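Here's the structure we're looking at; comments come further down.
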Amino acid sequence: MIEQNNKKGIWLMVLVTLIFAAQDGVSRHLAQSYDVRMIVMIRFWFFAAFALTIGYRQTGSLFGALRTTQPLAQAFRSILIVAEICIMLVAFVRLGLVESHAIFASYPLLIAALSGPILGEKVGWRRWSAIGIGFLGVLIILNPSGGVFSLNSFWAVTASLMFAMYGLMTRYVSRKDASITSFVWMGITGCIAMTAVGIWHLEPMTVADSGWMATLCVVGLLGHYLLIRAYEVAEASAIQPFAYLQLPFASAIGIFVFGDLLRTNVTIGASIVVCAGVFTLLRERMKARRPKVAS
(Lines give C-alpha, C1' and ligand atoms only; values in the text may rest on other atoms or scores of the structure.)
Protein backbone atom coordinates (compact mmCIF):
# COMPACT_ATOMS: atom_id res chain seq x y z
CA MET A 1 0.00 0.00 0.00
CA ILE A 2 1.34 3.42 -0.99
CA GLU A 3 1.81 5.81 1.92
CA GLN A 4 -0.42 8.88 1.75
CA ASN A 5 1.48 12.13 1.33
CA ASN A 6 -0.77 15.10 0.54
CA LYS A 7 2.15 17.51 0.18
CA LYS A 8 3.76 15.35 -2.48
CA GLY A 9 0.39 14.91 -4.17
CA ILE A 10 -0.15 18.68 -4.29
CA TRP A 11 3.23 19.27 -5.93
CA LEU A 12 2.50 16.51 -8.44
CA MET A 13 -0.84 18.14 -9.25
CA VAL A 14 0.87 21.51 -9.76
CA LEU A 15 3.28 19.84 -12.20
CA VAL A 16 0.38 18.09 -13.93
CA THR A 17 -1.47 21.38 -14.50
CA LEU A 18 1.69 22.92 -15.97
CA ILE A 19 2.13 19.93 -18.30
CA PHE A 20 -1.52 19.98 -19.38
CA ALA A 21 -1.29 23.73 -20.04
CA ALA A 22 1.71 23.10 -22.29
CA GLN A 23 -0.28 20.30 -23.96
CA ASP A 24 -3.08 22.77 -24.68
CA GLY A 25 -0.60 25.19 -26.20
CA VAL A 26 0.81 22.52 -28.54
CA SER A 27 -2.73 21.35 -29.37
CA ARG A 28 -3.74 24.87 -30.35
CA HIS A 29 -0.66 25.24 -32.54
CA LEU A 30 -1.47 22.04 -34.42
CA ALA A 31 -5.23 22.70 -34.58
CA GLN A 32 -4.55 25.96 -36.40
CA SER A 33 -3.16 23.97 -39.36
CA TYR A 34 -4.69 20.48 -39.18
CA ASP A 35 -8.09 18.90 -38.62
CA VAL A 36 -8.74 18.44 -34.89
CA ARG A 37 -10.15 14.94 -35.50
CA MET A 38 -6.80 13.79 -36.87
CA ILE A 39 -4.91 15.34 -33.96
CA VAL A 40 -7.14 13.71 -31.33
CA MET A 41 -7.06 10.39 -33.20
CA ILE A 42 -3.25 10.25 -33.11
CA ARG A 43 -3.26 11.25 -29.44
CA PHE A 44 -5.60 8.38 -28.60
CA TRP A 45 -3.50 5.85 -30.49
CA PHE A 46 -0.72 6.54 -28.01
CA PHE A 47 -3.12 6.91 -25.07
CA ALA A 48 -4.75 3.54 -25.76
CA ALA A 49 -1.35 1.82 -25.72
CA PHE A 50 -0.51 3.61 -22.46
CA ALA A 51 -3.86 2.67 -20.87
CA LEU A 52 -3.46 -0.99 -21.80
CA THR A 53 0.06 -1.00 -20.37
CA ILE A 54 -1.12 0.46 -17.07
CA GLY A 55 -4.10 -1.91 -17.04
CA TYR A 56 -1.86 -4.93 -17.62
CA ARG A 57 0.50 -3.90 -14.82
CA GLN A 58 -2.37 -3.58 -12.35
CA THR A 59 -4.52 -6.57 -13.35
CA GLY A 60 -2.00 -8.98 -14.88
CA SER A 61 -4.16 -9.39 -17.98
CA LEU A 62 -4.05 -7.42 -21.22
CA PHE A 63 -7.81 -6.95 -21.30
CA GLY A 64 -8.58 -7.85 -17.70
CA ALA A 65 -9.24 -4.23 -16.75
CA LEU A 66 -11.97 -4.01 -19.42
CA ARG A 67 -14.28 -6.35 -17.50
CA THR A 68 -17.38 -4.44 -16.48
CA THR A 69 -21.09 -4.96 -15.87
CA GLN A 70 -21.92 -1.56 -17.38
CA PRO A 71 -20.30 -1.49 -20.85
CA LEU A 72 -22.82 0.96 -22.33
CA ALA A 73 -22.19 3.51 -19.58
CA GLN A 74 -18.42 3.10 -19.95
CA ALA A 75 -18.63 3.46 -23.73
CA PHE A 76 -20.85 6.55 -23.52
CA ARG A 77 -18.52 8.13 -20.97
CA SER A 78 -15.49 7.45 -23.17
CA ILE A 79 -17.09 8.83 -26.35
CA LEU A 80 -18.19 11.88 -24.38
CA ILE A 81 -14.63 12.77 -23.39
CA VAL A 82 -13.15 12.39 -26.89
CA ALA A 83 -15.92 14.58 -28.31
CA GLU A 84 -15.24 17.14 -25.57
CA ILE A 85 -11.53 17.20 -26.43
CA CYS A 86 -12.33 17.85 -30.10
CA ILE A 87 -14.69 20.69 -29.24
CA MET A 88 -12.22 22.21 -26.80
CA LEU A 89 -9.50 22.26 -29.47
CA VAL A 90 -11.85 24.18 -31.74
CA ALA A 91 -12.45 26.62 -28.87
CA PHE A 92 -8.67 27.09 -28.43
CA VAL A 93 -8.37 28.18 -32.06
CA ARG A 94 -11.52 30.31 -32.31
CA LEU A 95 -11.59 31.82 -28.84
CA GLY A 96 -8.03 31.52 -27.51
CA LEU A 97 -6.56 29.78 -24.48
CA VAL A 98 -7.39 32.57 -22.00
CA GLU A 99 -11.13 32.84 -22.66
CA SER A 100 -11.56 29.10 -23.30
CA HIS A 101 -10.02 28.11 -19.98
CA ALA A 102 -11.81 30.91 -18.12
CA ILE A 103 -15.15 29.48 -19.27
CA PHE A 104 -14.05 25.86 -18.88
CA ALA A 105 -13.17 26.52 -15.23
CA SER A 106 -16.92 26.42 -14.50
CA TYR A 107 -17.15 22.64 -14.99
CA PRO A 108 -16.90 21.77 -11.23
CA LEU A 109 -19.88 24.04 -10.63
CA LEU A 110 -21.82 22.25 -13.38
CA ILE A 111 -20.93 18.90 -11.81
CA ALA A 112 -22.18 20.11 -8.42
CA ALA A 113 -25.38 21.51 -9.94
CA LEU A 114 -26.16 18.37 -11.95
CA SER A 115 -25.11 15.81 -9.31
CA GLY A 116 -28.47 16.21 -7.57
CA PRO A 117 -30.89 15.51 -10.43
CA ILE A 118 -28.62 12.97 -12.20
CA LEU A 119 -26.92 11.08 -9.34
CA GLY A 120 -29.34 11.85 -6.53
CA GLU A 121 -26.65 13.55 -4.43
CA LYS A 122 -27.72 16.18 -1.91
CA VAL A 123 -26.54 19.71 -2.63
CA GLY A 124 -26.89 22.11 0.32
CA TRP A 125 -27.75 25.79 0.17
CA ARG A 126 -24.13 26.84 0.62
CA ARG A 127 -23.02 24.98 -2.47
CA TRP A 128 -26.06 26.20 -4.41
CA SER A 129 -25.07 29.75 -3.45
CA ALA A 130 -21.51 29.12 -4.67
CA ILE A 131 -22.88 27.65 -7.91
CA GLY A 132 -25.04 30.72 -8.48
CA ILE A 133 -22.14 33.08 -7.81
CA GLY A 134 -19.91 31.02 -10.11
CA PHE A 135 -22.37 31.21 -12.96
CA LEU A 136 -22.54 34.96 -12.43
CA GLY A 137 -18.78 34.91 -12.99
CA VAL A 138 -19.34 33.02 -16.26
CA LEU A 139 -21.77 35.74 -17.40
CA ILE A 140 -19.14 38.36 -16.61
CA ILE A 141 -16.64 36.41 -18.73
CA LEU A 142 -19.09 36.13 -21.62
CA ASN A 143 -19.90 39.84 -21.35
CA PRO A 144 -23.27 39.92 -23.19
CA SER A 145 -22.67 43.55 -24.17
CA GLY A 146 -19.62 42.57 -26.25
CA GLY A 147 -16.16 41.06 -25.92
CA VAL A 148 -16.08 37.28 -25.57
CA PHE A 149 -19.83 36.77 -26.01
CA SER A 150 -20.21 35.29 -29.50
CA LEU A 151 -20.95 32.02 -31.23
CA ASN A 152 -17.31 31.09 -30.63
CA SER A 153 -17.85 31.21 -26.87
CA PHE A 154 -20.36 28.38 -27.11
CA TRP A 155 -17.58 26.00 -28.14
CA ALA A 156 -16.01 26.49 -24.70
CA VAL A 157 -19.41 26.44 -22.95
CA THR A 158 -20.29 23.17 -24.69
CA ALA A 159 -16.90 21.66 -23.80
CA SER A 160 -17.39 22.64 -20.15
CA LEU A 161 -20.85 21.08 -20.05
CA MET A 162 -19.63 17.90 -21.74
CA PHE A 163 -16.70 17.58 -19.34
CA ALA A 164 -19.09 18.02 -16.42
CA MET A 165 -21.25 15.21 -17.83
CA TYR A 166 -18.10 13.12 -18.22
CA GLY A 167 -17.28 13.79 -14.56
CA LEU A 168 -20.77 12.70 -13.51
CA MET A 169 -20.55 9.56 -15.63
CA THR A 170 -17.18 8.81 -14.03
CA ARG A 171 -18.80 9.03 -10.59
CA TYR A 172 -21.64 6.80 -11.80
CA VAL A 173 -19.46 3.99 -13.19
CA SER A 174 -17.11 4.17 -10.18
CA ARG A 175 -19.91 2.76 -8.03
CA LYS A 176 -19.29 -0.65 -9.63
CA ASP A 177 -15.99 -0.41 -11.53
CA ALA A 178 -12.43 0.26 -10.38
CA SER A 179 -10.74 3.42 -11.62
CA ILE A 180 -8.35 1.40 -13.80
CA THR A 181 -11.36 -0.09 -15.62
CA SER A 182 -12.66 3.37 -16.48
CA PHE A 183 -9.16 4.47 -17.50
CA VAL A 184 -8.67 1.56 -19.92
CA TRP A 185 -12.19 1.89 -21.33
CA MET A 186 -11.52 5.55 -22.05
CA GLY A 187 -8.30 4.70 -23.89
CA ILE A 188 -9.64 1.81 -25.99
CA THR A 189 -13.09 3.23 -26.78
CA GLY A 190 -11.65 6.67 -27.46
CA CYS A 191 -9.09 5.16 -29.82
CA ILE A 192 -11.71 3.19 -31.74
CA ALA A 193 -14.17 6.09 -31.93
CA MET A 194 -11.60 8.66 -33.04
CA THR A 195 -10.03 6.30 -35.58
CA ALA A 196 -13.45 5.73 -37.15
CA VAL A 197 -13.93 9.48 -37.43
CA GLY A 198 -10.40 10.82 -37.86
CA ILE A 199 -8.94 8.36 -40.37
CA TRP A 200 -10.86 10.16 -43.14
CA HIS A 201 -9.11 13.41 -42.25
CA LEU A 202 -5.56 12.07 -42.13
CA GLU A 203 -3.16 14.38 -43.95
CA PRO A 204 0.62 14.81 -44.25
CA MET A 205 2.35 16.91 -41.63
CA THR A 206 5.50 18.95 -41.96
CA VAL A 207 8.63 17.63 -40.26
CA ALA A 208 8.40 20.37 -37.62
CA ASP A 209 4.72 19.69 -36.91
CA SER A 210 5.37 15.95 -36.77
CA GLY A 211 7.81 16.76 -33.99
CA TRP A 212 5.14 18.82 -32.23
CA MET A 213 2.66 15.95 -32.65
CA ALA A 214 5.14 13.54 -31.07
CA THR A 215 5.71 16.05 -28.27
CA LEU A 216 1.95 16.34 -27.73
CA CYS A 217 1.61 12.57 -27.35
CA VAL A 218 4.58 12.24 -24.97
CA VAL A 219 3.53 15.24 -22.87
CA GLY A 220 -0.03 13.94 -22.68
CA LEU A 221 1.11 10.51 -21.47
CA LEU A 222 3.46 12.08 -18.93
CA GLY A 223 0.67 14.29 -17.61
CA HIS A 224 -1.72 11.36 -17.20
CA TYR A 225 0.95 9.23 -15.53
CA LEU A 226 1.76 11.98 -13.01
CA LEU A 227 -1.96 12.53 -12.44
CA ILE A 228 -2.36 8.86 -11.57
CA ARG A 229 0.60 9.14 -9.22
CA ALA A 230 -0.88 12.24 -7.59
CA TYR A 231 -4.14 10.42 -6.82
CA GLU A 232 -2.19 7.41 -5.54
CA VAL A 233 -0.17 9.35 -2.97
CA ALA A 234 -2.75 11.93 -1.82
CA GLU A 235 -6.43 12.36 -1.09
CA ALA A 236 -8.37 13.51 -4.15
CA SER A 237 -10.17 16.19 -2.14
CA ALA A 238 -6.83 17.63 -0.99
CA ILE A 239 -5.29 18.05 -4.44
CA GLN A 240 -8.34 18.74 -6.64
CA PRO A 241 -8.49 22.51 -5.90
CA PHE A 242 -4.96 22.86 -7.28
CA ALA A 243 -6.20 21.69 -10.69
CA TYR A 244 -7.37 25.28 -11.18
CA LEU A 245 -3.74 26.29 -11.66
CA GLN A 246 -4.10 25.11 -15.25
CA LEU A 247 -6.08 28.31 -15.88
CA PRO A 248 -3.24 30.78 -15.14
CA PHE A 249 -0.63 28.49 -16.74
CA ALA A 250 -2.62 28.11 -19.97
CA SER A 251 -3.50 31.82 -19.96
CA ALA A 252 0.19 32.73 -19.71
CA ILE A 253 0.93 30.54 -22.74
CA GLY A 254 -1.98 32.12 -24.61
CA ILE A 255 -0.79 35.66 -23.84
CA PHE A 256 2.95 35.29 -24.37
CA VAL A 257 2.99 32.70 -27.16
CA PHE A 258 -0.20 33.32 -29.14
CA GLY A 259 -0.83 36.98 -28.30
CA ASP A 260 -4.21 36.42 -26.61
CA LEU A 261 -5.73 39.42 -24.88
CA LEU A 262 -6.43 39.43 -21.14
CA ARG A 263 -9.69 41.32 -20.87
CA THR A 264 -10.71 42.88 -17.55
CA ASN A 265 -14.10 41.16 -17.54
CA VAL A 266 -12.42 37.77 -18.16
CA THR A 267 -10.02 38.31 -15.25
CA ILE A 268 -12.82 39.32 -12.87
CA GLY A 269 -15.20 36.58 -14.03
CA ALA A 270 -12.56 33.85 -13.93
CA SER A 271 -11.56 34.87 -10.40
CA ILE A 272 -15.18 34.56 -9.28
CA VAL A 273 -15.60 31.19 -10.99
CA VAL A 274 -12.40 29.79 -9.44
CA CYS A 275 -13.28 31.02 -5.93
CA ALA A 276 -16.78 29.53 -6.22
CA GLY A 277 -15.36 26.27 -7.56
CA VAL A 278 -12.76 25.94 -4.82
CA PHE A 279 -15.45 26.63 -2.20
CA THR A 280 -17.62 23.90 -3.76
CA LEU A 281 -14.74 21.41 -3.70
CA LEU A 282 -13.95 22.26 -0.07
CA ARG A 283 -17.60 21.79 0.90
CA GLU A 284 -17.58 18.37 -0.77
CA ARG A 285 -14.41 17.49 1.16
CA MET A 286 -16.01 18.53 4.46
CA LYS A 287 -19.13 16.54 3.63
CA ALA A 288 -17.06 13.44 2.83
CA ARG A 289 -15.16 13.69 6.11
CA ARG A 290 -18.22 13.93 8.34
CA PRO A 291 -19.04 10.19 8.29
CA LYS A 292 -15.40 9.39 9.18
CA VAL A 293 -15.48 11.81 12.12
CA ALA A 294 -18.80 10.41 13.32
CA SER A 295 -17.49 6.84 13.16
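The values are calculated or read from the model by the stated rules, or taken from the named source; none is laboratory data. What you see is a predicted model, and the numbers here were worked out from it, not measured in a lab. With ideal geometry, Cβ positions are generated from the backbone for all residues, glycine too; neighbour counts draw on all protein chains shown. Heavy atoms of the whole protein, side chains included, go into the accessibility calculation; ligands, DNA and RNA do not. Shrake-Rupley method; radii C 1.70, N 1.55, O 1.52, S 1.80 Å.
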| request: Would you mind working out the accessible area per residue for the chain, using a 1.4 Å probe, and quoting it in Å²? | output: 48
| field | Accessible surface of region 1-123, 1.4 Å probe, proportion on carbon and sulfur as whole % | value | 64
| said: Accessible area of region 155-295 with a 1.4 Å probe: how many percent of it is carbon plus sulfur? | reply: 71
| request: Jot down the radius of gyration and Dmax of region 174-239, Cα atoms only, both in angstrom. | output: 16.0, 46
| query | What nm distance separates the two modelled labels at Leu261 and Asp209, each placed 7 Å from Cα along Cα→Cβ? | reply | 2.8
| said: So for the chain, if I pair up every lysine 8 or more residues apart or on another chain, how many of those pairs have alpha-carbons under 23 Å apart? | reply: 7
| message | Give the separation of the Cα centroids, region 103-120 to region 1-42, in Å. | response | 22
| said: Which residue fluctuates most in the GNM of the chain (Cα springs below 10 Å): Arg175, Arg28, Arg43? | reply: Arg175
| message | Give me a comma-separated list of calculated 3J(HN,Hα) values for region 76-87, in order, Karplus coefficients 6.51, -1.76, 1.60 applied at θ = phi - 60°, integers in Hz, x for any Gly or Pro. | response | 4, 4, 5, 5, 4, 6, 5, 5, 4, 4, 4, 5
| request: Restricting things to alpha carbons, find the Rg to Rh ratio for region 24-175 using the Kirkwood radius for Rh. | output: 1.03
| remark: Candidate cut points under chymotrypsin sites (Phe, Trp or Tyr not before Pro) in region 20-128, DSSP loop plus at most 12 other Cβ atoms within 10 Å of their own Cβ, are Phe63
| request: For region 25-76, count all C-alpha to C-alpha pairs, find those more than 12 Å apart, and express that count as a whole percent of the total. | output: 71
